[in-house]
Each structure stands twice: as C-alpha cells, then as structure tokens.
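In what follows, a single structure is set out as structure tokens and then discussed.
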Amino acid sequence: MTAPQATPVAGPHLAADVVDWLTNGTRDERFIDNIFAEMCIRLQRAGIPVKRASLHVQINHPQWLGARMLWSEGMSGAEIARVDYDVRVRSEYIGSPASEIVEGAAEVREHLTGDPKLRRQHAVYDEMRALGLTDYVAWPIHHTLGKRHIVTFATDQPGGFQEAHIQALRQVLPLLALVSEIRIKNRLARTLLETYVGPHAGELILAGATRRGSGTTVRAAIMICDLRDFTKISDNWPRDDVIELLNGYFDAMVEPITRHGGEILKFIGDGLLAIFPLSEPMACANLLHAVTDARKAMAALNARNAEEDRAPLNVGIGVHVGDVMYGNIGSLNRLDFTVIGPAVNMASRLEALTKQVGRPVLLSRAFAEHLEGEFALERVGEYPVRGFSEPIELFAYEG
C-alpha cells in the first residue's frame with residue numbers, strides 16, 4: 001500500500017510576514033537567541049512545519065569557539081550551549097552537517113526516513129530519527145568578510161518539508177544573516193571589552209565613555225600583586241613554559257578576585273591591578289577573602305609545579321583604600337581605561353615593600369580600619385614610603 005502524500009502547499013510567499021518582521025520588527029531586540037526563537041514560532045504560524053531548529057555561531061570568546069542556540073516546538077526561547085575550541089577534533093563534529101557547511105557545502109539536506117542504505121551516517125541524524133523527525137536541512141549564514149555561521153531546520157511532518165517550505169525557509173536566510181550579524185558583533189564588542197578591560201569598564205565604554213580625560217572618581221579598595229623572581233624565570237625557562245606558568249598564576253589569582261566582587265583592571269607583565277569599589281559595603285572584607293582564596297590556589301599550583309620539579313612561585317600583594325580617578329588616559333588616538341591617583345601609587349609602594357618587610361601581604365592602616373574583627377592582622381610597624389612625606393603604618397595578613 002502506498003503511503004499517503006502530503007497535499008502540496010500553494011504560494012511562494014509563505015514566509016512574507018516573517019521576512020517583514022525580521023526587517024522591521026526586531027530593532028528593539030538585543031539578543032539573537034530571542035529573535036531566533038520568535039522567528040521559528042512565526043514560521044510555524046505561517047504554515048511551515050518547523051519542529052526543531054538551531055543556530056550555530058562563532059563568538060571568539062577566550063574560552064569558547066562559539067555557541068549553539070537550539071529551539072524546539074513549544075519553547076518560548078532558545079536553549080544556549082557553549083562550544084569549546086576543541087570541538088572540531090571530536091566525533092560529534094567530524095562528519096556532521098556542521099562540518100560539511102564549514103568545509104564549504106551550500107546546503108545539507110537529509111531525508112531522515114529515506115532508504116537506510118542511502119543515509120548519511122552520523123550520531124546527529126540518529127538523534128533526530130529517535131525524536132521522530134523526518135527531514136532536516138542546514139545552510140550557511142553568510143556574514144561580511146567571509147564569516148560563515150550555520151542554521152538548521154527539521155520537521156516531523158510525514159514526507160518531510162515540501163519544496164514550498166524549503167523555498168520559504170530560504171527566503172528568511174538573508175534577513176537572518178543581517179539581524180544576526182548585528183547582534184553577534186554587538187556581543188563580540190562586549191566580549192572583547194570585558195576580556196581586555198573588565199565588565200564594568202566595558203559597560204562604561206559601550207555607554208560612550210571614550211573621550212580622553214573623561215572619567216569619574218571612585219572610592220575603592222585597591223589591590224596590586226606581583227610575581228617574585230619573574231625576570232629570572234623568564235630568562236631561563238622556555239617561552240611556552242613561561243606562558244603556561246603565567247596563565248596558571250593568573251588563574252589562581254583572578255578567579256577568587258572576580259568571584260568576590262573585584263574587577264581586574266590591568267595585567268602589568270607578571271602583576272595585576274584590581275579594585276573593589278566601596279559602593280559594596282563589604283568590599284574590604286571581600287578583598288581579603290579573595291586574597292585568602294588566591295593564596296590557597298597558589299599553594300595548590302605550587303604543589304602541582306613541584307611534581308614537575310619546578311620551583312615554587314611567590315607573590316607580593318599590596319592593599320590600600322582611597323579615591324581613584326577611573327577613566328580614559330592616553331594619547332589622542334590610543335587610550336587606556338584605568339585608575340590613577342595617590343591611592344593606586346600607595347598600593348604599588350606597599351607591594352614593593354613586601355620584599356623589604358618579608359611579608360607576602362601588606363595592608364595600610366587606612367584599609368585595616370575598614371575591617372571588622374574577623375581578620376587576624378599583625379601590625380608590622382611604620383615604614384617610609386617613596387613619594388609620601390609621612391611613614392605609613394603597615395599590617396600583615398597571612399590569609
């Protein structure tokens with residue numbers, strides 16, 4: 001008995017309303033995953049039997065190659081999953097429709113209920129068959145400068161997509177490319193700023209704080225740390241080992257700082273500058289909690305290094321509190337968004353004094369006065385500080 005054939009769909013303009021919406025109705029939507037999910041819902045309303053769809057984009061994040069946005073019937077939004085840089089050596093990618101598109105295919109179409117002898121063999125197709133899907137298509141989404149992303153659609157309609165459905169889906173591709181490129185580049189700009197200047201400074205820059213000399217005064221706890229004997233290490237170790245060492249050291253220091261509410265403003269060779277704005281009432285306590293956790297992380301890193309016969313890494317940390325100017329400093333065409341002021345200079349001098357005093361963490365009295373009694377501080381005396389007229393009373397913290 002011959003299986004019943006689906007009634008042909010009439011009309012070449014099934015997606016006209018969706019095209020109009022992509023053109024005129026998405027201006028106020030910031031996120032591409034929301035646009036993608038709404039587009040799929042509108043395609044269904046237009047009579048195009050999309051059961052499942054995905055959008056795969058490269059985002060050039062320091063940790064992830066890209067992201068996959070997955071929508072299924074009944075979902076009001078898209079589910080986002082990060083994609084690691086090593087995905088292209090995994091079995092889930094090799095031979096997949098995504099790999100075919102990346103390698104230059106203009107279209108990947110698979111009738112999932114077709115002759116088993118003619119089927120493409122890959123786990124992604126097996127997964128879709130297990131979900132009861134009958135037809136699948138994938139296309140590249142073309143952005144400027146040769147960038148290619150991927151969109152896929154699948155249906156569970158008996159017999160799969162009809163030709164009118166495929167034509168309608170093709171009609172939305174150019175508009176999807178336009179609206180996705182804008183959002184992805186906005187996200188890329190935000191990601192790059194967060195990566196290189198930090199999330200708070202990134203938000204200020206995106207809001208228009210790009211004029212030289214523009215800025216604001218912030219009262220903050222300031223932390224400057226520096227790796228000891230790095231010059232000797234960099235002179236004697238292979239380059240790749242030095243980079244690996246620095247990355248491990250910064251991982252150990254940075255994660256606790258950001259987790260406890262601090263913001264990394266700058267990496268300076270083997271050192272870093274971080275602030276904890278006093279707009280957060282527990283900022284000073286949070287800074288010392290970060291120092292405690294960072295020292296534990298450094299101890300764990302040194303234990304791993306010892307297994308490879310590497311010398312332990314030692315860090316000096318200077319901490320102060322005060323007003324800093326937070327904004328744009330630099331030349332006419334090259335700016336740095338950072339903090340400057342006497343309080344920053346003091347933190348830097350305290351970090352340098354850790355070598356002289358022989359204590360890894362030194363705090364100023366001004367900072368110590370912001371703390372409650374939960375921290376055990378040891379007064380180590382008053383010391384002259386270069387650039388400041390009066391000796392500074394210092395406290396050590398072991399963490």
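The values are calculated or read from the model by the stated rules, or taken from the named source; none is laboratory data. In this text, all values refer to a predicted model and were calculated from it rather than measured experimentally. A quick note on method: Cβ atoms are made from the backbone with ideal geometry, for glycine too, and the neighbour counts reach across all protein chains shown. Side chains are part of the model used for accessible areas, which takes the heavy atoms of the whole protein and leaves out ligands, DNA and RNA. Shrake-Rupley method; radii C 1.70, N 1.55, O 1.52, S 1.80 Å.
Some observations on this one:
- Computed on protein heavy atoms with a 1.4 Å probe, the accessible areas place Arg239, Arg187, Arg259 in the order Arg239, Arg259, Arg187, largest first.
- Residues in segment 121-161 that a label on Glu73 would reach, taking backbone N under 18 Å of a point 7 Å out along Cα→Cβ: 127-137, 152-161
- Distances between placed amide hydrogens fall under 5 Å for Arg228 paired with Asn314, Val315, Gly316, all partners being 5 or more residues away or on another chain.
- Average accessible surface for segment 45-132: 57 Å² per residue, computed with a 1.4 Å probe over protein heavy atoms with every protein chain in place.
- As an equivalent ellipsoid, segment 41-192 spans semi-axes of 25, 19, 14 angstrom, where each value is the square root of five times an eigenvalue of the C-alpha gyration tensor, largest first.
- Tensor-based shape of segment 169-273 (alpha-carbon gyration tensor, a/c under 1.5 rounded, otherwise prolate or oblate): oblate
- Rg/Rh for segment 138-186, where both radii come from Cα atoms and Rh is the Kirkwood radius: 1.06
- Within the full protein context, the accessible area of Ile182 is estimated at about 90 Å² for a probe radius of 1.4 Å.
- Rg and Dmax over the alpha-carbon atoms of the chain stand at 28.3, 99 Å.
- Computed over the chain with a Gaussian network model linking Cα atoms closer than 10 Å, the most mobile of Gly215, Gly104, Gly262 is Gly104.
- Ligands, DNA and RNA left out, the accessible area of the chain computed with a 1.4 Å probe is 52% carbon and sulfur.
- Taking 0.36 nm per residue of separation and subtracting the Cα-Cα distance, full extension of the segment from Val89 to Arg219 would add 42.0 nm.
- Rolling a 1.4 Å probe over the protein heavy atoms gives segment 140-210 an accessible area of 47 Å² per residue.
- Using just its DSSP H runs of length 4 or more, each adding -39500 (n - 2.57), the chain gives a mean residue ellipticity at 222 nm of -12500 deg cm²/dmol after division by all residues.
- Whole-Hz Karplus values for segment 106-117 come out as 7, 6, 10, 10, 9, 7, 6, 9, x, 4, x, 5 Hz, taken residue by residue from phi with 6.51 cos²θ - 1.76 cosθ + 1.60 and θ = phi - 60°; glycine and proline positions read x.
- Summarising the amide proton neighbourhood of Val380: residues at separation of 5 or more, or on other chains, whose placed amide H is nearer than 5 Å comprise Leu394, Phe395, Ala396.
- Largest mean-square fluctuation among Leu265, Leu131, Leu363, in a Gaussian network model of the chain whose springs join Cα atoms under 10 Å apart, belongs to Leu131.
- Build a GNM of the chain with springs between Cα atoms under 10 Å apart, and of Trp139, Trp21, Trp71 the one that fluctuates most is Trp21.
- Calculated over segment 245-353: convex hull of Cα atoms, volume per residue (Å³): 112
- Ratio of Rg to Rh over segment 259-308 (Cα coordinates, Kirkwood Rh, two decimals): 1.08
- With distances taken between every two different alpha-carbon atoms, segment 290-355 has a Kirkwood hydrodynamic radius of 14.6 Å.
- Two-decimal ratio, segment 10-120, of alpha-carbon radius of gyration to 2.2 N^0.38 Å: 1.24
- Counting only DSSP beta bridges with both residues in the chain, the antiparallel share comes to about 95 percent.
- Long-range HN-HN contacts of Val361 with modeled amide H, under 5 Å: Ile317, Tyr397
- Applied to segment 363-368, the Karplus parametrisation 6.51 cos²θ - 1.76 cosθ + 1.60 on θ = phi - 60° returns per-residue 3J(HN,Hα) values of 10, 7, 4, 4, 6, 4 Hz, with x for Gly and Pro.
- Cα gyration tensor shape of segment 212-286, rounded if a/c is under 1.5, else prolate or oblate by comparing a/b with b/c: prolate
- With the convex hull drawn around the C-alpha atoms of segment 162-220, the volume per residue stands at 108 Å³.
- For segment 49-56, putting each phi into the Karplus relation 6.51 cos²θ - 1.76 cosθ + 1.60 with θ = phi - 60° gives couplings of x, 6, 9, 8, 8, 8, 10, 10 Hz, in residue order, rounded to whole numbers and with x for Gly and Pro.
- What the Cα atoms of segment 297-399 give is an Rg and a Dmax of 16.8, 49 Å.
- When only Cα pairs below 8 angstrom with a gap of at least 6 residues are kept, the chain shows a relative contact order of 12 percent.
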